[in-house]
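Some notes on the structure that comes next.
The values are calculated or read from the model by the stated rules, or taken from the named source; none is laboratory data. Note that this is a predicted model, so its numbers are computed, not measured. A quick note on method: Cβ atoms are made from the backbone with ideal geometry, for glycine too, and the neighbour counts reach across all protein chains shown. Calculation scope for accessible area: heavy atoms of the full protein, side chains included, ligands and nucleic acids excluded. Shrake-Rupley method; radii C 1.70, N 1.55, O 1.52, S 1.80 Å.
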Amino acid sequence: MLIDNRTSAFPGPWLGGVSLIAGPLLLLTGTLLRLGVPFFFPHQLAAYQRQPALIGAAYALFLAGTIALWPGVVTVAARIGATRPAWARWGGGLVLLGLFARTFHHGVDTFAFALADSAGLSASTRAVGDYYRHPEWVVSSLTAAVMLGWIVLAAGCLVSGVLRPVPAVALALTSGLMIGVLKGSTWASVVQVAGLVVAFVPLGVAQLRGVERPSRRAVVRTVPLIVLFVVGSVVLGQLG
């Protein structure tokens with residue numbers, strides 16, 4: 001595994017390194033929590049009605065992992081781009097488009113759960129079925145990006161030396177992870193997300209180890225601001 005300890009202006013070594021660790025682990029946790037429920041949306045909605053806290057948490061963690069991944073993807077693409085700029089542009093760009101698509105679908109998931117709470121399981125199931133018959137065309141057009149992005153990024157990692165063959169192949173497995181509204185988990189999903197963990201987490205750990213530690217003064221000044229921002233964001237978001 002090739003590690004470049006030079007800091008980039010954006011997203012920076014800390015944000016990129018944390019993303020490479022947190023994003024895959026959040027995705028894996030969400031994937032495991034909904035394992036055992038039949039894959040398609042009627043069963044996912046029925047499971048949510050039986051266990052709203054568990055299924056809601058599983059989808060929320062998967063969404064958090066999807067959002068958290070983007071700085072890591074940008075970091076990896078920047079490393080590839082040092083020697084293979086075309087692979088970096090195509091791989092990074094396609095993967096980021098795929099993350100946008102997954103985020104959109106999780107918004108629909110959340111609305112479907114809210115509809116199940118307010119109008120009942122049958123109404124929510126009919127609404128999701130109607131969506132699949134007439135999907136939103138902008139996001140549905142990104143399916144090829146979702147499928148190809150991880151393969152192109154993995155190939156770029158391999159030819160540039162950012163990843164060795166085994167973690168590069170593991171990263172490419174992520175391309176098989178199904179996309180769509182209320183898609184559940186299978187053991188294949190676990191293997192595919194685990195491939196992302198195998199590829200990205202060691203890369204993130206190595207990056208953070210190579211970064212100069214911040215001073216105590218910088219930590220004291222920065223941590224309260226981060227906590228205040230997170231708490232304020234949560235409160236503001238709950239106000240609608």
* Asked: Across region 199-220, which residue is modelled with the highest pLDDT among those that are surrounded by 13 or more Cβ atoms within 10 Å (Cβ to Cβ), of a type in the set (Gly, Ala, Ser) and out of contact with any helix residue (DSSP H, G or I) (no Cβ under 6 Å at 6 or more places or on another chain)?
  -> Ala206
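Working only within region 67-90, note down all residues that are closer than 18 Å to Ile179 by Cα and either of a type outside the set (Val, Ile, Thr) or more than 16 Å from the chain's Cα centre (by Cα) (or both).
Filtering region 67-90 for residues closer than 18 Å to Ile179 by Cα gives 67-70.
Answer for region 67-90, where residues must be closer than 18 Å to Ile179 by Cα and either of a type outside the set (Val, Ile, Thr) or more than 16 Å from the chain's Cα centre (by Cα) (or both): Ala68, Leu69, Trp70.
Could you go through region 98-106 and let me know if any residue there is under 29 Å from Gly210 (Cβ atoms) and among the hydrophobic types (A, V, I, L, M, F, W, C).
Here is the first cut: in region 98-106, the ones under 29 Å from Gly210 (Cβ atoms) are 98-99.
With the extra rule that they be among the hydrophobic types (A, V, I, L, M, F, W, C), the set shrinks to 99.
Scanning region 98-106 turns up at least one residue that is under 29 Å from Gly210 (Cβ atoms) and among the hydrophobic types (A, V, I, L, M, F, W, C).
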* Structure fact -> Of the residues in region 200-227, those that are of a type outside the set (Val, Ile, Thr) and in contact (Cβ under 8 Å) with a residue 60 or more places away in the chain number 8
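Inside region 12-131, counting only helices (runs of 4 or more DSSP H) that do not spill past its ends, which hold 1 or more residues that are of a type in the set (Lys, Arg), open to solvent by less than 70 Å² (accessible area, probe 1.4 Å) and more than 26 Å from Gly161 (Cα to Cα)?
Details: elements: 13-33, 41-50, 52-68, 70-81, 85-119.
Hits in region 12-131: 85-119.
Tell me yes or no: at least one residue of region 116-127 is over 16 Å from the mean Cα position of the chain (by Cα) and at positive phi. Break it down stepwise before answering.
Pass one, region 116-127, residues over 16 Å from the mean Cα position of the chain (by Cα): 116-127.
This time we only want the ones that are at positive phi, so: 120.
Yes - at least one qualifying residue is present in region 116-127.
Residue-wise test of (1) hydrophobic (A, V, I, L, M, F, W, C); (2) in contact (Cβ under 8 Å) with a residue 24 or more places away in the chain; (3) over 17 Å from Leu115 (Cβ atoms).
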residue	(1), (2), (3)
Leu15	yes, yes, yes
Val18	yes, yes, yes
Pro24	no, yes, yes
Leu27	yes, yes, yes
Leu32	yes, yes, yes
Val37	yes, yes, yes
Gln44	no, yes, no
Gly56	no, yes, no
Tyr59	no, yes, no
* Structure fact -> Selection over region 167-197 where residues are over 16 Å from Phe39 (Cα atoms), within 13 Å of the chain's Cα centre (by Cα) and open to solvent by 30 Å² or more (accessible area, probe 1.4 Å) yields a count of 1
